Every structure is written in structure tokens, then in C-alpha cells.
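Student: What follows is a structure written as C-alpha cells; I'll ask about it next.
The values are calculated or read from the model by the stated rules, or taken from the named source; none is laboratory data. As the structure is a computational prediction, the values presented were derived from the model and not from experiment. Because the Cβ atoms are built from the backbone with ideal geometry, glycine has one as well, and the counts that use them run over all protein chains shown.
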Amino acid sequence: MSEFSMELSADQVTLRDWVHGFAEGVMRPAAAEWDEREETPWPIIEEAAKLGIYGLDILANAFMDPSGLSTVLILEELAWGDAGLCMSIMGSSLAVAAILANGTPAQQAEWMPQCYGTPGDLKLAAFAVSEPDAGSDVSSLRTRAVYDEAKDEWVLNGTKTWITNGGIANLHVVVASVDPALAGRGQASFVVPEGTKGIRMGQKFKKMGIRASHTAEVVLEDCRIPGSCLLGGKEKLDERLARAREGRSSSGQAAMATFEATRPGIGAQALGIARAAYEYSLDYAKERRQFGRAIIENQAIAFKLADMKARVDASRLLVWRAAWMAANRKPFTSGEGSMSKLFASESAVKVTEEAIQILGGYGYVREYPVERWHRDSKIYTIFEGTSEIQRLIISRAISGVHIR
């Protein structure tokens, strides 16, 4: 077990500075263009792949960090560069996390490399959970997976929505209901490989923020996949379903295993946005002069910046704690993973809003980046569990009561 420390190792500092250099030199200059284009930024992803930032190796090395901090350091720096570009670079990692959480070692070895491809032959992956009538309530998924024993195939039918890389991904990981009567305990995760018939993109969404990241519906119509594409295997699934039907304890929902692993990372991205807005506002307030002095000399501005800095640092502390706990298999007895996402995401919204206020009219126009950061920040209070869901998880954890 790794001891928790606020002092980064030399390797972690090198990693952070390396990713920061990419964020500053490649992402920042391109951010406004790809936000306007609302297209997948293939040149940026290609550059990230060439440098080793888009790919399995960097994540594998980060996952092996016993402190758990390498992953959140990477995510903070990429989101500091630009949240939309960060999501395009890191979106495939959601599918990787699902395969890692639910797949067998053989499945992990087979499918995880296919989520990225190689420089010059890039691949994308998508993790498909949410549905039109099942966003926060993932236990009520309608997408069905039916086993065809004669052919050893699973047949998937349903519609997923709000899916990062949805429909354009080479590989999709789809969470579907095998036994609807068991709600969330009757679900499983399936890999839908490239070239599979019966899967297509539905509506592509035009979003308020993170517009460089592709978000769309995924439609499954009699989509047949081999039995080997069930993550974890059928024997393990049958055992889990039997336990659930008998009322015995189960390891939980397939989707939740992924969300628990990624919440500190979502908090880290929100932290990166907040830090970007705070740093920009601080520099602006030192340079901008009104009534014969720099505006930071006014308490109204200085106090805003003090609160912004406090939120940035508090967010980082919560994110680091949750990441360390997850890496060292410490149970989130008080909903610590949800705390990190909740506080960091709401802080990002608040800090970017204050940044606009500090810049005044300049903060409201697209020539300055703070309005984009504010638009980007809001989604972090919504996806992978809304703020209300995070509060529900935390309140249940601290009270032991099934609060509704």
C-alpha cells in the first residue's frame, strides 16, 4: 500500500510537466477553432498519439502508480489545455475502464489495445450506458441482451444516448439488461467490435460546451455479437444472476463498476478547467487598470480570486484523496469518490462564472477563453452522475439510510 503524500515524486513531476507542455503548446492554440467546428479533432488526437499521450501505454503506466495520482495529474493538465479536446483524447479511456473493471485478463489483452489503434491508424472507443429514459437511473436500462444458445451469440436491441464517440467509435462497450426483473443486478457489459452489423449512430448532439468532443446516440437493432464479447464470460454472469435471484449479495451493477473508477478523474478534469480560469483571471486582474490602479487592488476582485483559489486547492485535495483511496482499494465509506466529483465540478462552474465577472464584457465574448471554459464546466455537474446523484450517494454513505 502506498502512503498518502502531498509531495509528488520526481517521476510524477516529470509526467505532469510533459503533459502540461502538450496542453500549452498544442491544445491551447487549437481550442477555439475546434470548439467552433464541433468536429472530432483528428489532428490533435494524432499528435497526442505520436507523443504517447493517446494510447494504452500511458494509461497502463498511470494505473500502476500505487499512489493513484498519475491519472488525475494527466487529466487535470489536459483539461487545463481544453476540456473538449481533453474529452476527445480521453473519451476512449471510458471503454478501457469498463473492460478493465469487468473483463477477464484475456479479454483485457484482446480488446484494450483496440480502443486506441496506433499513430497513423487511430481507433476510437465508446462506453454506452445512458438511455433516453435512463440517465441517472441506470438500473432501469431498456437495452436488452438476449442469448442465442444455438449460435453462442448475444443479440442486442436498444438505443443509447449522450455517448462520447458514439457511433463513430471502432469499438463500443454496451451495458445492457440480461434480466430486467433484477434491475441493475441483471445487467452486463458487452464489447461490440468494429464492423459489427446492427449498430449505427443516431442523432449527433450540438452541445453548449466540450464541443470538440463527439456526442451522439447509438442505435442497436438485432446487433449480434459472439458469446466471447460478454465481459467476464457467461459462467461468471450466470453465477451472479443466480445469486441475485436468490437474494444473496452481488458485486453490483456493471455500469457502477466503471463510474466508481472514473469519478476522481472527472473531478480532475473539472479541476483543470477551474485552475485555467483562476490563473487567467489572476493575470488579467493584475494587468487590467481602472480608476488609476490595477483592479486586483479592489477587495471586490481580490476576494473573488481568494475564493477561486481556495476552491481550486480544495478540489485538488478531494480528487487526490479519492484517487489514492481507489488505487489502494480503500472503501469509499463516506462517498469520497462522489465528493471529489461533486465539489470539483460545482467549483468549476463557480470559478469560471467569477472569471467572466472579473473580465466584465471581455469575459462574455469569444475572443477571450473564459466564456468557453464556463460553457465547458457545466457538463461536469451532469455526466457520469449528476450533482444530485452524488449527494444521494454521499448522504446514503454517511447515514446508512436508503435516502430516496
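Student: Only one of 175, 155, 191 is among the hydrophobic types (A, V, I, L, M, F, W, C), outside the structural domain of residue 35 (by TED's automatic domain parsing), within 24 Å of residue 244 (Cβ to Cβ) and under 18 Å from the mean Cα position of the chain (by Cα). Can you tell me which?
Tutor: 175
Student: Filter segment 161-209 down to residues that are of a type in the set (Phe, Trp, Tyr) and surrounded by 20 or more Cβ atoms within 10 Å (Cβ to Cβ) and give me whichever is nearest to residue 82 (Cα to Cα).
Tutor: Among those that are of a type in the set (Phe, Trp, Tyr) and surrounded by 20 or more Cβ atoms within 10 Å (Cβ to Cβ), it is 162.
Student: Same structure, new question: Restricting attention to segment 293-312, and to residues there that are surrounded by 14 or more Cβ atoms within 10 Å (Cβ to Cβ) and within 21 Å of residue 273 (Cβ to Cβ), which single residue is farthest from the chain's Cα centre (by Cα)?
Tutor: That would be 301.
Student: Among the residues of segment 327-378, write down those that are of a type in the set (A, V, I, L, M, F, W, C) and without any contact (Cβ under 8 Å) to a residue 24 or more places away in the chain. Working first, answer last.
Tutor: Step one: list which residues in segment 327-378 are of a type in the set (A, V, I, L, M, F, W, C), which gives 327, 332, 339, 342-344, 348-349, 351, 355-356, 358-359, 365, 370, 373.
Once the filter is applied, which keeps residues that are of a type in the set (A, V, I, L, M, F, W, C) and without any contact (Cβ under 8 Å) to a residue 24 or more places away in the chain, segment 327-378 yields 356, 365.
Student: Also, quick follow-up: Going by the structure shown, is residue 177 farther than 28 Å from residue 345 by Cβ and touching a residue at least 12 places away in the same chain (Cβ under 8 Å)?
Tutor: When the stated conditions are applied, residue 177 passes them.
Student: With the checklist (1) hydrophobic (A, V, I, L, M, F, W, C); (2) over 25 Å from the mean Cα position of the chain (by Cα); (3) under 16 Å from residue 107 (Cβ atoms) in hand, flag the one item residue 242 doesn't pass.
Tutor: (3)
Student: Next question. Would you please name the residue that is surrounded by the most Cβ atoms within 10 Å (Cβ to Cβ), looking only at residues in segment 333-347 that are among the hydrophobic types (A, V, I, L, M, F, W, C) and more than 12 Å from residue 323 (Cα to Cα)?
Tutor: 344
Student: Filter segment 360-404 down to residues that are exposed (fewer than 15 other Cβ atoms within 10 Å of the Cβ) and β-branched (Val, Ile, Thr) and give me whichever is farthest from residue 97 (Cα to Cα).
Tutor: Restricting to residues being exposed (fewer than 15 other Cβ atoms within 10 Å of the Cβ) and β-branched (Val, Ile, Thr), the top hit is 365.
Student: Going by the structure shown, is residue 95 crowded, with 24+ Cβ neighbours inside 10 Å and under 25 Å from residue 348 (Cβ atoms)?
Tutor: yes
Student: Can you find, within segment 121-138, the residue that is nearest to residue 195 (Cα to Cα) among those that are free of Cβ contacts under 8 Å to residues at least 24 places away in the same chain and either of a type in the set (Phe, Trp, Tyr) or surrounded by fewer than 16 Cβ atoms within 10 Å (Cβ to Cβ) (or both)?
Tutor: Result: 121.
Student: While we're on this one: Within segment 156-210, how many residues are out of contact with any Ser or Thr (no Cβ under 8 Å at 6 or more places or on another chain), basic (Lys, Arg) and closer than 26 Å to residue 269 by Cβ?
Tutor: Summing the residues that are out of contact with any Ser or Thr (no Cβ under 8 Å at 6 or more places or on another chain), basic (Lys, Arg) and closer than 26 Å to residue 269 by Cβ in segment 156-210 gives 1.
Student: Being within 27 Å of residue 95 (Cβ to Cβ) and basic (Lys, Arg) narrows it down to one residue among 293, 329, 311; which is it?
Tutor: Going through 293, 329, 311 in turn, just one is within 27 Å of residue 95 (Cβ to Cβ) and basic (Lys, Arg): 329.
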